[in-house]
Amino acid sequence: MRRSGGVRLGLDGAVEAALARRRNLLRWIIAALVASLAGLIVVTLLLARETEGTLRSAAVQADLGVRLRQLQGVLVGLTDAETGQRGYLLTGRDRYLTPYTAAVQRMPQLLKALDDPKVNDPSYGGKADKARQLVALKLSELAETIRLYQDGHQDAAIKLVLSDTGEAYMEQARTHVNAALDIIRNERDRLALESALSVSRGQRLLALTVSLLILFVALAATQAWLVSAARRQLEKALTDSERFLRQITDSVPIRMAYLDRESRYRFVNQAHCERFGKEFKDIVGRTREELLGRANTEEVNRMLEAVLNGERQRFEFDEMVNGQMRRIESQLIPDKAPDGSVRGFYTTGVDITDRVASERALRDLTEIIEHTPDNVVQTNWRGDVTYMNPAARQSTGIALDEPVTSRHFSEFNTPETNARFRSEIAPAVKEHSAWVGEATVLAAGGRVVPVNDLVIAHRDAEGRVQRYTAVMRDISEAIENRRQLSLQAATLSSIAEAVPALIAVVGVDGRYRFVNSAFERWSGATRDAVIGQTVEAVMGSEEFERCEPWVARVMAGETVSFEKTYAHRGEGRHLAISYIPLRNGSVVEGYVAVAQDITEHKEEKSRLMQMAQRDALTGLLNRVGFEAYLQEKTEQGGADSLALLYIDLDHFKAVNDTYGHPVGDQLLRQFAQRLQRLVRPTDAVARLGGDEFAVALAGVRQRENAEAVADKIVRAGQEPFDVGALVLRVGASVGVAFKADEETGWQGLVERADNRLYQAKSDGRGRRA
C-alpha cells in the first residue's frame with residue numbers, strides 16, 4: 001500500500017483471519033500508536049523549546065559581540081583623540097584635530113555599549129559607570145589643552161599635557177573599559193557554552209524523535225496490515241494520520257527524508273525542500289544527483305553503499321545557507337526489514353554551526369591555558385600585575401581563578417632583584433626595549449628561585465612605555481650544575497674543563513695550543529686531532545676568512561667580542577665569541593677564544609619579536625614591525641632608494657556586510673599572499689589594520705620601478721577571489737611615495753604615500769597615484 005508523499009506505511013498482502021479475531025490486537029496497537037504519537041509530540045515540543053532557547057542565546061551573543069566591538073572602538077577613539085591632540089599641540093596644524101574631532105563625535109554612540117548588556121556579573125554596573133566617568137574626564141582634559149592652546153596659552157597647554165593627569169585618566173579609563181570588556185566576553189563565552197549544551201540536548205531529542213517516528217511508522221504499518229480487509233473504512237483515518245505526521249515533521253527545524261534502495265527520495269520534510277529550493281512534488285522520486293545536477297563524489301557513494309549494507313553513517317560538511325557558511329551534521333539510518341534486509345534509509349541534517357564555534361572557542365582557551373611552561377608575567381608601566389600565565393601562577397602558588405590585578409611585580413622578586421631592577425634592568429629596558437639576564441625570584445612558600453629573565457618594554461605610538469612583559473625560566477638545575485662543575489674544577493684543578501663555554505688558545509703562528517672539552521663537542525674533533533693544527537685546517541677556509549678581521553684586531557692587542565651564526569648546526573647555532581689577547585708582558589703571543597652558546601636566547605628573542613611584529617590574521621608585518629623595518633632601512637642609509645606603497649581594498653566593507661567576517665578574513669589572507677608574490681624577499685609587506693596594507697621596496701633606483709609594482713598590485717586586487725563556493729571581486733587603490741628626505745625621514749614618506757592613496761581613491765578607485 002502506498003500513501004501520499006511516497007512513504008511506505010504498510011505491507012501488501014491479504015488479511016486471512018477474520019477482523020473480529022484481530023479486534024483486541026488492533027486495540028493494543030492503536031493504544032501503542034497513540035502513545036508513540038503523544039511521545040513524538042512531546043519530544044517535538046521539547047526540541048522546539050531547546051531550539052528557541054538556542055536562538056535567544058545566539059541573539060544575546062550577537063548583541064554582546066556588537067558591544068565588544070563598540071567598547072574596543074572606545075579605546076581606539078581615546079587613542080585617536082589623544083594622538084590628534086598631541087599632533088595639534090606639537091605642530092599647530094588644524095588637520096591634526098580631524099581624528100580628535102571624529103573620535104569625540106562618535107564617543108557617545110560607542111559608550112552606549114556600556115548600557116545594560118544583560119550580564120550576570122553584579123559588579124558590571126559600577127565598572128561601566130566608572131568607565132564613562134573616566135572617559136569623560138579624559139575627553140575633558142583633551143578639550144581643555146586644545147582650548148588653552150587656541151586661546152594663546154601654549155605653555156599652559158603643554159604643561160597640562162606633561163602632567164600625570166591625562167596619563168592617569170587614560171590608564172584608568174583603559175583599565176575600567178577592559179574590565180567591562182572582560183565581563184562581557186565572559187558572559188558571551190558562558191552563553192556559547194550553554195548554546196553548545198543546548199545543541200547537544202537537541203541532538204539527543206532529535207535521536208529520540210527519529211526513534212519515535214520510526215516506531216510510529218512501524219505501528220502504522222502493522223495497523224495497516226491488520227486492517228487491510230477494511231482498507232476503505234480506515235483509508236481516511238490513515239490519510240489524516242499521515243497529514244498530521246507531515247505537519248509534525250515540517251515543524252521540526254531539522255532536515256528529514258526517506259530514500260529507497262535506489263537512493264530516490266520517497267519522503268522529505270519542509271526543511272529538506274528548502275535545502276534544494278524545490279517543492280515536495282519536484283523532489284519525490286528523484287535522486288540527489290538529479291536534484292543537484294552533478295555526480296556524487298566517491299565519499300558520498302561510499303556512505304550510500306555502507307548504509308544500504310545496514311551500517312549507520314554520521315558525517316559533517318560545510319554548506320552555504322542564505323549567504324552564510326554553515327556547518328551541517330548529517331546521519332544516514334538504515335531501514336531494516338524483519339528479515340534483516342535494508343529497504344531504504346532515513347537521513348537527517350542538523351545545523352551545528354553554533355556548536356562548532358563554541359567548541360573552537362573552548363579549544364582556543366585550552367591552547368592559551370596550555371601555553372608555554374615558562375613563567376610569563378605582564379604589568380602596566382607602574383609595575384602593577386595585569387596577567388600571569390598558568391605556569392607563573394603555579395610557581396607562585398596563585399590559583400588559576402584568583403585575581404592578580406592588585407599585585408605588584410616587586411612582590412615576586414627578591415630584594416636583590418628589586419635593587420637590580422632600579423639600578424640596572426629598568427634603565428636598560430627603557431634604552432634598548434629589552435633586557436636579558438639572570439635574576440632571582442620568589443616562588444610559593446618564599447622559596448628563592450634563580451631564573452633566566454627576559455624583560456621587554458611595549459611602547460605606544462609616541463615611544464612611551466605602556467607595559468612590561470617578563471619571561472622567566474627556572475634555571476635552578478643549571479645553577480646547580482654550574483656549582484657542581486666549579487666544585488669539580490677546584491678538585492681537579494681544571495678551570496677550563498669546568499666552564500660550559502668553548503675555550504681555545506691560539507698561538508701567534510695561528511695554531512691551536514689548547515682546546516677544552518666543550519670545544520671538542522662543538523667541533524666534533526678530538527683534542528689530539530686539533531692541537532698543533534692551524535685554525536684554517538680545523539675550521540675550513542670559509543670560516544677562517546670570516547674570522548680574519550677579528551683575529552687581526554686581537555693580535556693588535558684589542559679584546560674583541562662578536563656573535564656568529566652557524567645555520568647548518570643543531571645545537572650551538574648562535575655563539576657569542578670573545579677574543580682576548582694572550583700577553584707575555586707587552587708582547588702578544590696569541591689569543592684566547594671564548595665562545596658562549598646563545599642559541600636559546602636568540603631564538604626566544606626572535607620568537608617574541610616575531611609575535612610582537614606580526615599580524616595574527618595574515619602573518620604579514622603589523623604596523624609596529626613595518627615601522628621598525630622603515631626605521632632600520634633609513635638608519636642604514638637607504639632612504640634615497642626607499643619606496644612606499646600604501647594600499648586600500650575597494651568595496652571590501654560590502655564583503656563583510658554581505659557574507660560575514662570569516663569570508664572577509666579569507667579574502668584578506670588571499671590578498672596578502674598575492675602581495676608577497678609580487679615583491680622580493682628583501683622587501684616588506686604589512687597589514688596596517690582592517691583592509692589597509694603597505695609595501696616597502698628597498699634599493700629602488702627610480703620612481704618608475706615602484707609605480708610598476710603598484711600597477712601589478714592594482715591588477716592583483718582586480719582579480720577574483722575564490723572563497724569557498726563564492727567568487728568575490730573587490731579592487732585596490734595604491735598611493736606611491738619615493739625617497740625619504742632628511743628633514744621628515746620615513747614618517748614623511750608615510751604621510752606622502754597616505755596622501756597619494758587618498759588621491760587615488762578620490763580619482764575613482766582601482767588605480768594608483
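Give the calculated FRET efficiency between GLU424 and VAL465 to the nearest 0.05, with a Förster radius of 22 Å applied to their Cβ-Cβ distance.
Numbers: r = 16 Å, r/R0 = 0.75.
That pair, GLU424 with VAL465, gives E of 0.85.
Pairs with C-alpha atoms separated by more than 23 Å, drawn from the list LYS281/LYS336; LYS112/LYS138; LYS633/LYS739, are LYS281/LYS336. Look at the Cα gyration tensor of segment 373-474: its axes a ≥ b ≥ c give a/c of at least 1.5 with a/b at or below b/c, and that counts as oblate. Remark: the ASP189-ARG147 segment gains 10.7 nm on full extension, using 0.36 nm per residue and subtracting the alpha carbon distance.
Distance between the pseudo-spin-label points of THR658 and ALA35 (7 Å out from Cα toward the beta carbon): 5.7 nm. Values [x] 1.33; [y] 1.03; [z] 1.22 are given for comparison; Cα Rg over 2.2 N^0.38 Å, derived from the coordinates here, is the one labelled [x].
Cα to Cα, under 22 Å, and not fewer than 8 places away if on the same chain: which lysines meet these conditions relative to LYS653? Straight-distance partners of LYS653: LYS761.
Would you please give the FRET efficiency between GLU274 and LEU55, computed as 1/(1 + (r/R0)^6) with r the Cβ-Cβ distance and R0 = 22 Å, to the nearest 0.05? The partial results should precede the final answer.
Details: r = 17 Å, r/R0 = 0.76.
Efficiency for this residue pair is about 0.85.
Work out the FRET efficiency for GLU411 and HIS651 from their Cβ-Cβ distance, taking R0 = 45 Å, and round it to the nearest 0.05. Kindly include the intermediate steps, with their values, before the conclusion.
Numbers: r = 53 Å, r/R0 = 1.18.
For R0 = 45 Å, the calculated efficiency reads 0.25.
Taking 7 Å steps out from each Cα toward its Cβ at THR101 and SER476 produces label points 6.3 nm apart.
With a cap of 13 neighbouring Cβ atoms within 10 Å, and only residues DSSP puts in a loop, list the trypsin sites (Lys or Arg not before Pro) found in segment 655-732. Mind showing how you got there, number by number?
Working: sites: ARG669, ARG674, ARG677, ARG687, ARG701, ARG703, LYS712, ARG715, ARG729; in loops: ARG701, ARG729.
Of the trypsin sites (Lys or Arg not before Pro), the ones in loops of segment 655-732 whose Cβ has at most 13 other Cβ atoms within 10 Å are ARG701, ARG729.
Sorting 332-340, 689-697 by average packing, meaning the other beta carbons within 10 Å per residue, from highest down gives 689-697, 332-340. With respect to the chain, whose longest principal axis is taken over its alpha-carbon atoms, helix 703-718 is tilted by about 20°.
Throughout, read-outs are computed from the coordinates displayed, never taken from laboratory work. Because the structure is a prediction, the values reported are computed rather than measured. Backbone-built Cβ (ideal geometry, glycine too); neighbour counts: all protein chains shown.
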